[in-house]
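Notes for the one structure printed next.
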Amino acid sequence: MLMPNTIYSSVAFIPYLAAVIIVPNWVSLLGLVVVRLIAELMAKRAAAKAIFNVSQQAITFASAVLVFKLAGGESMFALGNQPLSYVTLINGLPTLAAFVTSFAVNSSLVVGFVATESRRPFGEVWRGTWLSSIGIDLLASPIVFLFAWVYVNWGSFAAAALWIPVLGLRQLQKANLDLERNNSELLELMVKSMEARDPYTSGHSRRVQQYSVAIARGLGLDTATIDEVSRAALLHDVGKIHEKYAPILRKPGKLSPDEWLTMQLHPVDGAELVSTMSRLRDVVPSIKHHHERWDGTGYPDGLAGEMIPLVSRIIAFADTIDAMTSERPYRRTLTEDEVRAEIVKCRGSQFDPTMTDQVLSAAVWRLIFSPSVPSEQMSYLSIVPRRRAVTHG
């Protein structure tokens, strides 16, 4: 099924669940647990992970056996060489119930474990780990039933033949997941390469992502929007990877007017770069407009009010907070109270006033300045003063 910390979908549950409906009792359950235990020992996994995996399998399939029996399911062996239509009438719905139960229990155990370890909401982890594979898993439901019937009536070789199309679909899905993973790693590399040009911006994009997600959660946004916030925040400064920004990013002091005008081009450059990636085009406006101001005096397009994308307005808060809580040779780090005072001062000019009130509320503010945030994540970021208002990084 799934492994915590390294989550992936597998087709191994098909014969496992088929065993449950072929022999729905403790004997098959014990056999499945023993098989998993042997697999864990052969893989030489860490004791904690092995115990989790074996326990997960035992709980998952014990639940499936129980539901199968409660739904009126009968052993495939007990039904003998009955026509497929008759067996489907007897065991079709119980098999579906067992399948749904095993899927729900397994995903809940694994996602719950990962969510607890990573301190992320259950729904967010579930969406990120299962959504891409749920299609292939649901398609497997009738295959489980057919696999069991073919095994009972035609033997193991005939049942094994059913694996060919299943494995083909699994390999296609795995290739897509590997491609997405590679794309994510390339984006991470781009961000790290850009930040490596200036020691004061190291980790800035990650911190802005962290703050942005905290604000989005505090505002009660849906999971899809939070995901968009997360991606846009991580990539908000990716335009700075262009070579023209390198000498400016390495400059230790304040920027000249010409350098400041050049830096104002990075949101457009970032948006153009990200727009070349089809899976990221939804975050292009958010990246392009994260330096706009509520009063219309921002850049690059001078958007004002609600014309500024919601995600951009969120990133603006996160970017500014990280700027004020990061160190620079010519400016000390601001305290939490000073950060709060600056945000209040810029309410309605730099920031969305309604969103400002929400961000400053106790519930959202605690998410941003949480004691659980490692102190090493609250350091280093360049800040470019702009008029008398708070500026972004």
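The values are calculated or read from the model by the stated rules, or taken from the named source; none is laboratory data. Nothing here was measured: the structure is a model prediction, and the numbers come from that model. Cβ coordinates were reconstructed from backbone atoms using ideal geometry, including for glycine residues, and neighbour counts include every protein chain displayed.
Determine, yes or no, whether Leu255 is part of a loop (DSSP other than H, G, I, E, B) and either aliphatic (A, V, I, L, M) or under 25 Å from Leu273 (Cα atoms) (or both).
Criteria met by Leu255.
Being assigned by TED's automatic domain parsing to the domain that holds Thr225, touching a residue at least 12 places away in the same chain (Cβ under 8 Å) and under 24 Å from Glu327 (Cα atoms): is that true of Trp260 here?
Yes; evaluated as a whole, the condition is true for this residue.
Working carefully through the options Ala246, Ala271, find the one that is in a helix (DSSP H, G or I), closer than 22 Å to Ala318 by Cβ and in contact with a Lys or Arg (Cβ under 7 Å, 6 or more places away or on another chain).
Of the residues listed, the single one that is in a helix (DSSP H, G or I), closer than 22 Å to Ala318 by Cβ and in contact with a Lys or Arg (Cβ under 7 Å, 6 or more places away or on another chain) is Ala271.
Please state which of the following conditions Asp319 fails to meet, knowing it meets all the rest: (1) surrounded by fewer than 18 Cβ atoms within 10 Å (Cβ to Cβ); (2) under 19 Å from Tyr211 (Cα atoms).
It fails just one condition, (1).
Quick one: which residue in Leu89, Leu109 is part of a helix (DSSP H, G or I), of a type in the set (A, V, I, L, M, F, W, C), surrounded by fewer than 13 Cβ atoms within 10 Å (Cβ to Cβ) and modelled with pLDDT of 85 or more?
Of the residues listed, the single one that is part of a helix (DSSP H, G or I), of a type in the set (A, V, I, L, M, F, W, C), surrounded by fewer than 13 Cβ atoms within 10 Å (Cβ to Cβ) and modelled with pLDDT of 85 or more is Leu89.
Give the number of residues within the range 263-301 that are of a type in the set (S, T, N, Q) and either within 30 Å of the chain's Cα centre (by Cα) or not assigned by TED's automatic domain parsing to the domain that holds Thr225 (or both).
4
Take Trp294 and tell me if it is at pLDDT 95 or above, touching a strand residue (DSSP E or B) at 6+ places or on another chain (Cβ under 9 Å) and of a type in the set (A, V, I, L, M, F, W, C).
Yes, satisfied.
I'd like the full set of residues that are within 27 Å of Phe52 (Cβ to Cβ) and out of contact with any Leu (no Cβ under 9 Å at 6 or more places or on another chain), limited to the range 75-113.
If the condition is that a residue be within 27 Å of Phe52 (Cβ to Cβ) and out of contact with any Leu (no Cβ under 9 Å at 6 or more places or on another chain), then Val100, Ala104, Val105, Ser108, Gly112, Phe113 are the ones that fit.
Of the residues in the range 214-241, how many are outside any helix (DSSP H, G or I) and either surrounded by fewer than 16 Cβ atoms within 10 Å (Cβ to Cβ) or not assigned by TED's automatic domain parsing to the domain that holds Asp301 (or both)?
Of the residues in the range 214-241, 2 are outside any helix (DSSP H, G or I) and either surrounded by fewer than 16 Cβ atoms within 10 Å (Cβ to Cβ) or not assigned by TED's automatic domain parsing to the domain that holds Asp301 (or both).
Among the residues that make up the range 279-289, is at least one of them hydrophobic (A, V, I, L, M, F, W, C), free of Cβ contacts under 8 Å to residues at least 40 places away in the same chain and closer than 17 Å to Glu188 by Cβ?
no
Take the residues of the range 112-129 that are among the hydroxyl-bearing types (Ser, Thr, Tyr) and surrounded by fewer than 16 Cβ atoms within 10 Å (Cβ to Cβ): which is nearest to Ile59 (Cα to Cα)?
Here the answer is Thr116.
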